[in-house]
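For reference, the structure is listed below as structure tokens.
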């Protein structure tokens, strides 16, 4: 049964769905099983449809097909599972969709999909490996339990192998999966040990399409959870590709590149700070601070705040024009305000006369003193996004 064009308003009948599921089962012709898996992947384009497919009992036959189907059937099955685990099959992210995808991911895990998907990473066709990485990445995105099982099933080394030698699309999916798996420090250590850093940097430098952005996202999570890897990422040649993304990318790409640079700076090494600044990061960071979206401006301010470790660095950042856009960022409440406060305090700490420059830029003298006496603006920046820090929240937006 081949998939057919379907309007968004066309309801999928239960009889059609049951017919597809029947075609998946052992004993059906091989091409019918493959086409049924393809049809379900195509149909799974909304949160409601994904729920219907799962509730109709498709997961068991799909998982069986992962183990005993043809290469083409396995590829289409992995694609179907990726769609079913996705929080946004149709491209619209929402908290409800994320919660629902987490429930579906748990059902996919319970159906036994993780191990055959990991096996497919090792022995499948290139298309099947790509879709297996896609499915595992979507499961990792929406389920912490799934992330644990994926690592325990031995996915990291074949993912890194795919990252090194796969097609461009396969590399992107492997980077996507590693990025979501890299959100916990214990997994990050294993990802680093598996050798992911160098091929991620190479994908960021040489990849096409969305590959460089996804690689930057993965490196951002890895560096955020494990500060010990920052030197390794820089040594692998990450700075110039990151700065290129910062200059040439779209807003979301520039946002990710700025966040990674902030993680790499780390606020604990003047030598590393100088290395990042001398590579040419300051001007594009300040440009993003001036013209990016609120989230991107906040990431740029975060990176700049981490780079201020000396009088020389503070002078460079001020000369690049960071003061006014940081003051403007203080008009935003929550996390952005906390980051702006952190950046301004760090600059003033290392720059004689910066307090007067803040007042000249329109910051009331009393507010300047509040900024300078904020005990821990780094921690407060995180807390202010959830309303937990009275200290920073008391610094009212201008």
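Bear in mind these aren't lab numbers, they're just calculated from the coordinates by the rules spelled out. Predicted model only: the values in this text are computed from it and were never measured. Positions of Cβ are backbone-derived with ideal geometry, glycine not excepted, and every protein chain shown enters the neighbour counts.
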query = 222 nm [θ] for the chain, helices only, -39500 (n - 2.57) per DSSP H run of 4+, per residue, to 500?
reply = -22000 deg cm²/dmol
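For the range 164-317, what is the Kirkwood estimate of the hydrodynamic radius, computed as the reciprocal of the mean inverse distance between distinct Cα atoms, to one decimal in Å?
Averaging 1/r across every pair of different Cα atoms and inverting gives 15.1 Å.
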message = Using only Cα atoms and rounding to the nearest 10 degrees, what angle (0 to 90) does helix 294-307 make with the longest principal axis of the chain?
response = 60 degrees
Centre separation in Å (Cα based) which lies between the range 210-260 and the range 315-378 = 26 Å
key: Rg/Rh (Cα only; Kirkwood hydrodynamic radius) as it applies to the range 175-236   = 0.93
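Compare the peptides 303-315, 327-339, 360-372 by average per-residue count of other Cβ atoms within 10 angstrom and give them in order, highest first. Intermediate results must be reported in sequence, preceding the final value.
Working: 303-315: 22.2, 327-339: 20.6, 360-372: 14.6.
Ranked from most to least packed, the peptides come out as 303-315, 327-339, 360-372.
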task = Bin all alpha-carbon pair distances of the range 234-281 at 10 Å intervals from 0 and give each bin's fraction as a whole percent.
result = 29, 57, 15
ask   = Between the helical axis of 211-225 and the dominant principal axis of the chain, each derived from Cα atoms, what acute angle in degrees is found, rounded to the nearest 10?
value = 70 degrees
note = For 277, 50, ascending order of other Cβ atoms within 10 Å (fewest first) is 277, 50
query = Using the per-residue mean of other Cβ atoms lying within 10 Å as a proxy for protection, in what order, highest first, do the peptides 284-291, 134-141, 67-74 fall?
reply = 134-141, 284-291, 67-74
key: Mean shadow area of the chain, taken as a quarter of the surface of its Cα convex hull (nm²)   = 19.8 nm²
query = So how tilted is helix 71-85 from the main axis of the chain? Cα-based, degrees 0 to 90, rounded to 10.
reply = 50 degrees
request  = Show me 37-49, 344-356 ranked by packing, highest mean number of other Cβ atoms within 10 Å first.
outcome  = 37-49, 344-356
